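Below you'll find the structure, written out as C-alpha cells, and then a few comments.
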Amino acid sequence: LQKQDVNILNKGYGMWELHYEKKETIVHNEIISEEKTNYTADETIGTGNKAIYVYYYDVYLERSKLKGLPTWECKVGRTDRDPINRVFGQAGTSYPELPHIALIIKCDDSTVLEAALHNILKIRGKWIHNAPGNEWFMTTPQEIKEIYLGDNLLFKK
C-alpha cells in the first residue's frame, strides 16, 4: 500500500495509520423504473407498517417442477419499509430476471415474526445451509402463509 502512495503509514507490526482527505459525499436519488413502481406481490395479507416478504426466481420453481419436487428456493425476509423496494434493492440488476414476489405479510413487528417463521422452517428441515445469507428455504409461499394463518398461537392476538 505504501508503494501506491495512498497516505498509509506503517506504525509497527500490524498497525497502520491512514491519512486521507474527507471528500464531500454526493447522494444520487435512485430513479425507480416504471417497471418497479407498477410491480406488486401476488398476495398481501396481515396489517401493520412493517412486513415479511417471500420471493423467488421463476427458474427455481421451473426446475423443481421438472424434478417433481413440491418445494423450491424461496427467500423469506423482513423490512420496516416498503417490501417491494426492499426486494428490488437486494436483487438489483444481478440476475437476468426479476424476482417473483409471491407473498407480503404486513405486521407490527417484522423482527419477531421473521425469527418465528425462520425457526419453524428450520425445525422442519427447510433451511438451505449453503445459501448466501440465512434467509433461503426450500419451501413455498403457501407453506409460509399456512404457518402464519395456522392455529399457531404465536401469531394470534
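The values are calculated or read from the model by the stated rules, or taken from the named source; none is laboratory data. Because the structure is a prediction, the values reported are computed rather than measured. Note: ideal-geometry Cβ built from the backbone for every residue, glycine included; neighbour counts use all protein chains shown. These area figures cover heavy atoms from the full protein model, side chains too; ligands, DNA and RNA do not enter into them. Shrake-Rupley method; radii C 1.70, N 1.55, O 1.52, S 1.80 Å.
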Test: residue in the stretch 69-77 that is modelled with pLDDT of 95 or more and either farther than 14 Å from THR140 by Cα or among the charged types (D, E, K, R) (or both): yes
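So that you can scan it fast, the table gives a plain yes or no per residue for (1) within 30 Å of ASN134 (Cβ to Cβ); (2) basic (Lys, Arg); (3) at pLDDT below 95:
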site	(1), (2), (3)
GLU21	no, no, yes
ILE26	no, no, yes
TYR39	yes, no, yes
ILE45	yes, no, no
ALA102	yes, no, no
Residue check, ILE123 free of Cβ contacts under 8 Å to residues at least 12 places away in the same chain and either among the aliphatic types (A, V, I, L, M) or surrounded by 17 or more Cβ atoms within 10 Å (Cβ to Cβ) (or both): yes
Subset of the stretch 104-120 (residues that are open to solvent by 20 Å² or more (accessible area, probe 1.4 Å) and either at positive phi or touching a Gly at 6+ places or on another chain (Cβ under 9 Å) (or both)): LYS106, ASP108, ASP109, GLU114
Every pair of residues 6+ apart whose Cβ atoms lie under 6 Å, when the first sits in the stretch 91-104 and is under 15 Å from GLU73 (Cα atoms) while the second is loosely packed, with under 15 Cβ neighbours inside 10 Å: HIS100/ASP58; ALA102/ASP42; LEU103/GLU43
Given (1) among the acidic types (Asp, Glu); (2) surrounded by 17 or more Cβ atoms within 10 Å (Cβ to Cβ); (3) farther than 17 Å from TYR56 by Cβ, index of the condition GLU143 fails: (3)
Test for ILE52: is it touching a helix residue (DSSP H, G or I) at 6+ places or on another chain (Cβ under 6 Å) and not small (Gly, Ala, Ser): yes
Meets criteria (open to solvent by less than 30 Å² (accessible area, probe 1.4 Å), at pLDDT below 95, of a type outside the set (Val, Ile, Thr) and out of contact with any Leu (no Cβ under 7 Å at 6 or more places or on another chain)) for ALA131: yes
Filter result (aliphatic (A, V, I, L, M) and either open to solvent by 80 Å² or more (accessible area, probe 1.4 Å) or within 12 Å of the chain's Cα centre (by Cα) (or both)) within the stretch 86-103: VAL87, ALA91, ILE101
